[in-house]
Amino acid sequence: MPPTPTTPPDRGEPRIRDRGDACPGALRLHAADDGWLARLRLPAGLLTEHQVRVLATAADRLGDGALSVTSRGNAELRGLADGCGAELAELLRDAGLLPAETHERVRNVVASPLAGLDGLGRADVQLWARELDALLCAADWATELSGRFLFALDDGRGDVAGLGADVTLLAEADRRAVLRVGSHAFRVCASHAARAALAAAEAFLTAAAEAGTGAWRVRELPEGQDIGVDVWLERAGVAAQPLPLLTGTEPSAPGLPADRPEGPGTGPLPGVVEGPDGWTVSVAAPLGRLTVTQLRELLPAPADEVRLTPWRGAVLPGFADRGTALARLEALGRGGFITGTDSPWYGVGACTGRPGCAKSLADVRADATPGLGGLPVYWSGCERRCGRPQGEYVDVVATGDGAYRVTAHGTPVPVPSRAELAGTIATARTRTTK
């Protein structure tokens, strides 16, 4: 049975979008309160060693000296000065980070970060990601996709399948894959997976145009609208077996052995993991921010590859033995990275907040407090909750005048005073549902 959709269509009246998508990109900069912002799409979070150095140079020379890792494994440069757009574009272009400038905002592809590394996945979906990216960049019509439209390629472990993508591919055994779009699912040959995902995106654009609501994402289509994915799969020459409609009551994505290094809906745990071809180091960035110094500490990359993850971390593959991997992990820990689940910052996240975001009611990064164990906790400067995690978490939202509202398991948690906020959150993280 295909996995449960995490973002079902909106109920009731369909959302009407009466303007174009203004989502920032690497070339379309956004004016934030702390300067200009550039968001760089990195399909599957993949960077070469040279590209990491270029991003560090861009952050140092043009920005605020840090890089933000987003909830899609993309990268943001903040605090950019007026008039730096051309220089930034030249740096990115020369590093191969802008393979198709007209398509740079639609290259939103997440993939299981440990795919092909730990021997647990059913397919190396990193290869699917590269094929899908090439297909996207070659399709003229793909520029019509919103900068928010998301593809998720899951190798069968159920990690990125839980990120609420518009189009999800889930690897199965016997070289098959499940394609999921809204409540519709199809089984396809794994060799056709990338083409199937592209066809599904084109089906969405056609359905969105027919709806006339300006939908940016699949879940914004009117309830009950036929997306017509089967028609577009046939046109693309992709043989597909329709699966039962997803109702929201199906079991979660098929899992792997219980000792796998991550669980459904979560990313790689910080630490080291052995695979068929060597050892991999996994770390996380505190509150999703990496200084220029920390970026450079990721290098040298043994396999000339750094994978940024949707859980605001980085994966370094290619270590020859456990001792070498552990030595690098320890060095990254000294550099301020989260290197284990025993870190008080593990599971703690925050949006940009003040002073960078004009809509924020608080400096949430300064206010965020560490803690150990229990549910993840996410600090938001306003009701939009930008970058919030999927699944269960403690929701901490600024309400103005230095106050916060805390919610856990869907239930408001009283906060007696600001002085007791940290204790309230710590209790909420360990509270279980009734």
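The values are calculated or read from the model by the stated rules, or taken from the named source; none is laboratory data. These numbers come from a predicted model, not from an experiment. With ideal geometry, Cβ positions are generated from the backbone for all residues, glycine too; neighbour counts draw on all protein chains shown. When the accessible area is computed, the model is the full protein with side chains, heavy atoms only, and any ligands, DNA or RNA have been set aside. Shrake-Rupley method; radii C 1.70, N 1.55, O 1.52, S 1.80 Å.
For region 83-233, report the accessible area per residue in Å² (1.4 Å probe, heavy atoms, rounded to an integer). The partial results should precede the final answer.
Details: 4920 Å² over 151 residues.
Solvent-accessible surface per residue comes out at 33 Å².
Once you have the Kirkwood Rh of region 112-231 from its Cα pairs, apply Stokes-Einstein at 25 °C and 0.890 mPa s and quote D in µm²/s. Kindly include the intermediate steps, with their values, before the conclusion.
Working: Rh = 14.5 Å.
Answer, rounded: 169 µm²/s.
Quote the FRET efficiency, to the nearest 0.05, computed for residue 403 versus residue 93 with a Förster distance R0 of 30 Å and r equal to the Cβ-Cβ distance. Intermediate values should be presented prior to the final figure.
Working: r = 46 Å, r/R0 = 1.52.
Efficiency, from the Cβ-Cβ distance: 0.05.
How much accessible surface does residue 369 have with a 1.4 Å probe, in Å² rounded to 10?
Here the residue's solvent-accessible area equals roughly 40 Å².
Within the chain, which complete DSSP H helices have Cα atoms spanning at least 15 Å along the helix axis and a mean Kyte-Doolittle hydropathy of 0.0 or higher? Each step should come with its number before you reach the end.
Working: long enough: 49-61 (18 Å, -0.45); 125-138 (20 Å, 0.81); 193-211 (27 Å, 1.04); 322-334 (18 Å, -0.13).
The answer, listed by residue number, is 125-138, 193-211.
Given 38, 85, 414, which one lies farthest toward the positive end of the charge dipole of the chain, if we put +1 on the Cβ of every Lys and Arg and -1 on the Cβ of every Asp and Glu?
The listed residue farthest towards the positive side: 414.
Which of the peptides 134-144, 204-214, 300-310 is most tightly packed, and how do the rest follow, going by the mean number of other Cβ atoms within 10 Å of each residue?
Working: 134-144: 15.3, 204-214: 17.1, 300-310: 20.5.
The most tightly packed comes first, giving 300-310, 204-214, 134-144.
7 Å from Cα along Cα→Cβ at both residue 390 and residue 189: what's the point-to-point distance in nm?
If labels sit at residue 390 and residue 189, their model points lie 2.8 nm apart.
Using the per-residue mean of other Cβ atoms lying within 10 Å as a proxy for protection, in what order, highest first, do the peptides 406-419, 166-179 fall?
Numbers: 406-419: 13.0, 166-179: 21.8.
Those peptides, ordered most packed to least, come out 166-179, 406-419.
Would you mind listing how long region 12-163 runs along its three principal axes, going by Cα atoms, in whole Å with the largest first?
Principal axes ranked by extent give 46, 46, 28 Å for the Cα atoms.
Using per-residue counts of other Cβ atoms within 10 Å, averaged over each peptide, order 224-236, 281-293 from highest down.
281-293, 224-236
Among 209, 29, 135, whose Cα projects farthest towards the positive end of the dipole of the chain, with charges put on the beta-carbon of Lys, Arg (+1) and Asp, Glu (-1)?
Sorting the options by dipole projection puts first 29.
With only Lys, Arg, Asp and Glu charged, each at its Cβ (+1 for the first two, -1 for the last two), find how big the charge dipole of the chain is about the Cα centre; round to the nearest 20 debye. It would help to have the intermediate numbers written out before the result.
Values: 45 positive and 53 negative charges, 153 e Å.
The calculated dipole for the chain is roughly 740 debye.
Give the calculated FRET efficiency between residue 322 and residue 210 to the nearest 0.05, with a Förster radius of 35 Å applied to their Cβ-Cβ distance.
Details: r = 55 Å, r/R0 = 1.59.
Rounded to the nearest 0.05, the efficiency is 0.05.
Want the number for residue 245 to residue 31: 0.36 nm per residue separation, take away the alpha-carbon distance, what's left?
Details: separation 214, 0.36 × 214 = 77.04 nm, distance 4.22 nm.
72.8 nm is the gain from fully extending residue 245 to residue 31.
What's the extension gain from residue 417 to residue 274 if we count 0.36 nm per residue and subtract their Cα-Cα distance? It would help to have the intermediate numbers written out before the result.
Details: separation 143, 0.36 × 143 = 51.48 nm, distance 4.64 nm.
Answer, rounded to one decimal: 46.8 nm.
Apply 1/(1 + (r/R0)^6) to the Cβ-Cβ distance of residue 173 and residue 130, taking R0 = 30 Å, and write down the FRET efficiency to the nearest 0.05. Provide the component values of the computation, followed by the final result.
Working: r = 22 Å, r/R0 = 0.75.
Here the calculated transfer efficiency is 0.85.
Calculated from the structure, Cα Rg over 2.2 N^0.38 Å equals which of [x] 1.08; [y] 1.03; [z] 0.95?
Correct label is [z].
May I ask you to give the percent of accessible area on the chain that is carbon plus sulfur, with a probe radius of 1.4 Å? Don't jump to the answer; show the numbers that get you there.
Details: 9330 of 18200 Å².
Carbon and sulfur atoms account for 51 percent of the accessible area of the chain.
Excluding residue 235 itself, calculate the net charge of residues whose Cβ lies under 12 Å from the Cβ of residue 235, where each Lys or Arg counts +1 and each Asp or Glu counts -1.
On the way: positive: 195; negative: 202, 230, 234.
Net of charged neighbours comes to -2.
Determine the sum of side-chain charges near residue 176: Lys and Arg each +1, Asp and Glu each -1, restricted to other residues whose C-beta is under 11 angstrom from that of residue 176.
Details: positive: 122, 175, 187; negative: 172, 174.
Residues close to residue 176 contribute a combined charge of +1.
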